[in-house]
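**Student:** Shown below is the structure under consideration.
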Amino acid sequence: MGAREAPALIAAVLVLAGGPRLAQADEPAPPAADAPAELSGAAWFARPRLALSVGEASRSFKLRFFGFLEVDYLTDSTRSYDDAMGTSLVARTDTYENHHGRTQFSLRSTRLGFGFDSPTLGEVTPAAVLESDFAGSQASPPGSTEAVYFASPLFRIRHAYVKLKSPYVDLLMGHTFDVFGWQSFFDPTGLRNQLFSRNPQLRVSREFNPEGAVTIELAAAAVRPVQRDSGVPDGSAGLRVSFNGWQGIRTPGNERIQAMPLTLAVSGIVRQFKANAFAPPPTQSSNNATGWGVSFDTFLPIIPATNFIDRGNRLALMASFVKGTGIGDLISVTGGAQFPTLSNPAYTFPPPVYETANVDQGIVSFDAAGVLHTIDWTAFRIGLQYYLPSTGRWIFSANYTQAHSSNMAMLFPYGYVPGDLQHHVADTMRYADAKLTFDITPVVRVGVYSQYTQTVYLPTVDGDIDKPHNIRIAGQTIYLF
C-alpha cells in the first residue's frame, strides 16, 4: 500500500457504526443500540458508536470503541476510604481517623474498551471484548506516595473474553462478570454490600425466543476457583426471564443509557474450600468446607419507556436479594474477618504462627476449637432511577443496601480477632446514596452525589457496640465515547 493510498483508506473506513449488521459480543454493560434513523432526529443525544469497519458485506470486520473518561472529586467525613471504598470499614469512633476528614481527586475509574465483531463462518459468529481501567492492584498511601497512587495508576484488565455465538448455544471464554447475580444485566457498578465480581470463566448459555414477547435465557459456567488448592472450579448457573413488551430505561454506573425489559432472574453458585489445618507448619492435613450462594434480581420499569431515547419522566426500580456462605469476596464484604492467631499455652518464643493460609482472608475462618467455617452473609439492595421531564437530561438515582453476617459473632465472640485487640470485626454494613446528573452534551455528563456508610462492629468483651458512619460528598465529570 502506497503512502498516498493509506490516508484515504483510513478516512474511508473510520465510520460511525457503519457496514452490515454483525452479531456482537456483549459489552460489560450491554450498550444502547444506535438510534433508528426515524428517531435520531428527535433526540439530540442519540448518536452512533465509534467504529472502524474493514471489508465488504458478509466478510467485513468491525472494531468498536467504548468507555469514558471520569474525573471524581471526593470529600469524606472520616479517613476510612481511598477513592474506591472496596471492603474497608468505617473507622471506629475511638480512633483519630474517625474524627478527621479526607479529600481526594482521582481519575482512576477511567475506562477504555474495544469490541471486535467478525463475520459468520458456517453458523458460528466469533466476537471479543477487551476493556481496561486504571484501578489496578496498587498500594495506596502510605504504602505508596500520593503522586504515584493518583498520577501514575496501574492499567489493568477489566474484561477480556471471546464469545462464539450460534443458533444453538453461545460459548464465552475469558474474564468478565459472573453469572452469579447476572451482573452484566442488572447493575454492574460495584455498590457496597452487593454482588460485584469478575473472573476468568468458561460459560455456556442459550437464549430462547429472543424476538418474542417473553425471552428466557439459561447460563452455566465453570469459574476460577475461589481457592486454587481446592482442586475444583466454582460452579454457577442462572435463569433470566424478560418480558419484552414492558420496556424501561436505565443508566448502569457512568455508561450510556440503555433500554431494558422487565426482567426477573435467579442464579446460584457452589464453591469448595480446602484450607490447611489451623496449626503451625508444616501442614499435615486440610479442612474441607462448601460455600454456596443464591441471588434473586429484578428490573422493574415503573413508568415504562418506548425505547432508550424515550427519556422524559421515566422511572425504574432495581432490587436484589443475596444469601449464602463463603461468598464475601463476591459481594466485596469481609467484616474485617481474619484468621486468628494460634494459641500458645506454653508461652514459647517466638509464638507459633499460622503461616500456611492458602485461601484469602475474610471468606472463611476458624473457631476457638480450630474448626473451619465459611462466613455467612445476607445482603439486599433496592434502587431507583428517575429521568426528569421533559428531555430526560436530568437523572436522579438513589440506592440503599445492607449486608449482615449471622455467624460472625460466633467466630469472634469478643468482637475482635483473637491475639489482636486492635483489630475489631463487624457483622453489619449499611450503605445509602443519592445522585443527580445532567447531560450537558451527548458526550459530557456532570453529577453530584452523596454516599452514607455505616459499620456496626461486634460487641467487645465489655459490651461496647460501636456504629461509626462516614458521609461522602462528591462531584463528577464524565466524557462518554
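**Student:** Take Ala346 and Ser450, extend 7 Å from each Cα along the Cα→Cβ direction, and tell me the distance between the two endpoints in nm.
**Tutor:** The two pseudo-label positions are separated by 5.9 nm.
**Student:** Could you tell me the calculated FRET efficiency between Tyr168 and Thr87, based on Cβ-Cβ distance and R0 = 56 angstrom, to the nearest 0.05?
**Tutor:** In this case the efficiency is close to 0.85.
**Student:** Starting from the 7 Å offset along Cα-to-Cβ, what nm value, one decimal, do you get for the label separation of Arg228 and Thr460?
**Tutor:** 4.0 nm
**Student:** Moving on to the next point. Divide by every residue of the chain the summed helix terms, -39500 (n - 2.57) for each DSSP H run of at least 4, and state the resulting mean residue ellipticity at 222 nm, rounded to the nearest 500 deg cm²/dmol.
**Tutor:** My calculation for the chain gives -1000 deg cm²/dmol from helical runs alone.
**Student:** For region 13-480, state the average projected area of the convex hull of the C-alpha atoms over all orientations, rounded to one decimal in nm².
**Tutor:** 24.1 nm²
**Student:** Given the C-alpha centroids of region 334-388 and region 216-239, what is the distance between them in whole angstrom?
**Tutor:** Spelled out, the Cα-based centre of one part sits 22 Å from the other.
**Student:** Sort 365-372, 89-96 by packing, meaning the average of other beta carbons within 10 Å per residue, with the highest value first.
**Tutor:** Per-residue mean Cβ counts within 10 Å order the peptides as 89-96, 365-372.
**Student:** Still on this structure, please answer the following. Sticking with the crude label model, points 7 Å out along Cα→Cβ, report the distance from Thr189 to Thr120 in nm, one decimal please.
**Tutor:** 3.6 nm
**Student:** If R0 is 35 Å, what FRET efficiency do you get for Glu97 and Asn287 from their C-beta distance, rounded to 0.05?
**Tutor:** E(calc), rounded to 0.05, equals 0.50.
**Student:** Just tell me the longest site-free run in the chain, where the sites are GluC sites (Glu not before Pro) in a DSSP loop having at most 15 other beta-carbon atoms within 10 Å.
**Tutor:** 212-354
No lab work stands behind these numbers, since they all come straight from the coordinates. From a predicted model like this one, the values you see are computed outputs, not experimental measurements. Don't worry about glycine lacking a Cβ; one is built from the backbone with ideal geometry, like all the others, and counts go over all protein chains shown.
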